[in-house]
Amino acid sequence: MHILIVFAVLYYMTDLVCSAPLPELSDAQSTLVANLQFQEIVQRSRSLTEKILLSIPETHKSCIDIETLQLNSSDNAKLGIMATNIGIPSVPVLKVVSEKFSLETSLRRMSEGLQLHRDMLSSVSPRLGKTDKVTELTADIRDLGIQINKMLKMLPTETVVQPTSTPVALRLPGEYEVQVAAHLTLVQLQSFGQDMIRHLRSLDQSNEEETES
């Protein structure tokens, strides 16, 4: 019983931290975040990210035939050498907004990470047997990227660095490498999407309204 109470308190505290407003925004950025149009884009982005996360397991099931490749398996950590050999790039790291990690940097890395996963899925898709779910997922990633870029363009600064795209060239000599590449891309996309949800939740002021009500 005591353990359950501790977990409940920790969960509650975590939810408060996740829904708390970002502490390091400038006055201009705080005004922007409160803007109705910006909030609509934030909420649309959250909805799309949640849709992507919900569709990843079904997409994985539809295109991965090797039973040992499981989406949430602890064995995924053992595939690091395979990821390097295939040429799967690292995803941009998302951190809490601070003096060293601005809102601009956060949004730009979201955009770059989405484009990276979209490129990887597009690269591996022609080699997969079933691609319907992959195509739908790729389209949702594109739509989410558009929303993130809209927020970037709204930032009150003339020095916003536009996201860059590096061509993805995966080394896929055989069917096994194709399966591993698709598997690791979806595993990485799931983790990245979960990080995005946490960041978008902190920007979504409707959370505060829900808490107050």
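The values are calculated or read from the model by the stated rules, or taken from the named source; none is laboratory data. Model, not experiment: these values are computed from the prediction. We place every Cβ from the backbone using ideal geometry, glycine too, and count neighbours over all the protein chains shown. For the accessible areas, the whole protein counts, side chains as well, though only heavy atoms, and no ligand, DNA or RNA atoms are used. Shrake-Rupley method; radii C 1.70, N 1.55, O 1.52, S 1.80 Å.
Miscellaneous remarks
- Net charge, Ala83 excluded, C-beta distance under 12 Å - Lys, Arg +1, Asp, Glu -1: +1
- Summed residue charge, Cβ within 15 Å of Glu175's Cβ, Lys/Arg positive, Asp/Glu negative: 0
- Carbon plus sulfur fraction of accessible area for segment 26-115, probe 1.4 Å, in percent: 51
- Rounded accessible area of Asp143 (nearest 10 Å², 1.4 Å probe): 50
- Shape call, segment 34-178: gyration tensor on alpha carbons, a/c limit 1.5: prolate
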